[in-house]
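One structure is given here, and the rest of the page talks about it.
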Amino acid sequence: LSSQSAEKRRSPPRRNFGIAFDIDGVIFRSESPIGGSPQALKRLYDEDSGALRIPYVFLTNGGGFRESIRALELSTLLGINVSPLQVLQGHTPFKNLVQRLENELVVAVGKGEPAAVMSEYGFKNVVSIDEYASCFPGIDPLAPYKSWEVKQAPKHDGVSEARTSTNNCSQRVQAVFVVSDSIDWSRDIQVLCDILRTGGLPGREIGHQPQLYFAHDDLAYQAAFPSERFGLGAFRIALESIFNRIHHDPLSYTCYGKPNPFVFKNAEAVLKQLVSSHPDSGLAPDNASTAVHNFERLYMVGDNPDVDIKGARQAGYPWFSILTRTGVFKGTGNHDKFPADLVVETVEEAVDYIIRKEC
Ligand code: G3P
Ligand code: MG
């Protein structure tokens, strides 16, 4: 019996499934792992070799750092080996817009290193809102009352936020990307209204609104505090409400992130890629070519019914939604409006269920 169970541990499961894990409220609250997440994720790797045995990705609306940096951070905090391919953030699909805007001046907003993120995606003329605002003396009349200093995001791989920008603030801004949560709403709303109502030239006449993209539209998310915190969606509402009071045309914008169906389609494509890029690891299903195989089941493990569960439900087959009680959802039964296929206490319970079912 013991040799059989050892064998079972060693031989990789050859079933056709994958998993997408939400991060905030499922894996972490702020930077603290929750719900047994380190143990749960370790079960997706071979105990002896450490090779990935079950294909999974992180599917988060959060962000602010490059996928390579986030992968390193997740690896350190969880004690596993996460590859950048496995990190899908709200802003990750911004890279698909590079062809249209590669050389145009674009402003990147949010915590972390938003300009470095956009540079990594191939945008050649990107400036962070911190640096952009500093080109216009007096643009934020409250600046002298702000006791904090605008500090550069930490350097990763020797690349700092400042080095990514051209500092060419006299050009017309063609697009604004809200990559992650604004850390100074009053300044950012002021500066963004200036950019957006003047056609990208603050202080000038009214002009055609530049494009505006948000990494996601989460009204709230679960961080360290017991009740939810305002997210990018709350910032979008504030910006839109003010812009629509000062401008004749309503604010035009596009929100990426969950629950948009394309996010789930992309996660499926990345999971397939993950399987194809590990042909010898046992990730490939038994009798299908990795190049053409389709998943029979994909699990979305999330804490937010309006975002994670709604998204998985809309995406349809082969998605199966699992709602945890470690984040935004705190109910006792299932969610009324967007009921999940399964409700569990923690991510550890979710992984346990999946492994029992599939392996
Ligand atoms: O700002 C991040 C938050 O809105 C959602 O993150 O990981 O729960 O999708 P996550
Ligand atoms: Mg979440």
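Things to note:
- Relative to the current alpha-carbon distance between residue 246 and residue 96, full extension at 0.36 nm per residue lengthens the span by 50.8 nm.
- Global form of the range 92-255, assessed from the alpha-carbon gyration tensor, a/c cut-off 1.5: rounded
- With both residues required to sit in the chain, DSSP beta bridges show an antiparallel share near 15%.
- Cysteine residues of the chain whose Cβ has no partner cysteine Cβ closer than 4.7 Å: 193, 255, 359.
- Put a plus charge on the Cβ of each Lys and Arg, a minus charge on the Cβ of each Asp and Glu, and nothing anywhere else: the dipole of the range 32-123 about its Cα centre is then about 200 debye.
- With 25 Å as the limit, the listed pairs 42/111; 124/265; 265/310; 265/337; 265/357; 42/272 have 42/111; 124/265 beyond it between alpha carbons.
- Normalised size of the chain, defined as Cα radius of gyration per 2.2 N^0.38 Å with N residues, equals 1.06.
- A simple charge model with +1 on the Cβ of Lys and Arg, -1 on the Cβ of Asp and Glu and nothing else charged puts the dipole of the chain at about 380 debye relative to its Cα centre.
- Under 5 Å between amide hydrogens, built in the peptide plane, is the criterion, and for residue 255 it picks out 214 among residues at least 5 positions away or on other chains.
- Taking other residues whose beta carbon is less than 14 angstrom from the beta carbon of residue 260, and scoring Lys, Arg as +1 and Asp, Glu as -1, yields -1.
- Per-residue ellipticity at 222 nm computed for the chain from its helices equals -8500 deg cm²/dmol, with DSSP H segments shorter than 4 residues left out and the rest contributing -39,500 (n - 2.57).
- The distance from the alpha carbon centre of the range 325-359 to that of the range 252-267 is 22 Å, rounded to a whole number.
- If you take the Cα centroid of the range 176-244 and the Cα centroid of the range 31-96, the two points sit 28 Å apart.
- Crossing angle, helix 232-246 versus the chain [Cα axis fit, 0-90 degrees, rounded to tens]: 30 degrees
Read-outs: derived from the displayed coordinates by stated rules, not from any lab. Here the structure is a predicted model, which means the values were calculated and not measured. Backbone-built Cβ (ideal geometry, glycine too); neighbour counts: all protein chains shown.
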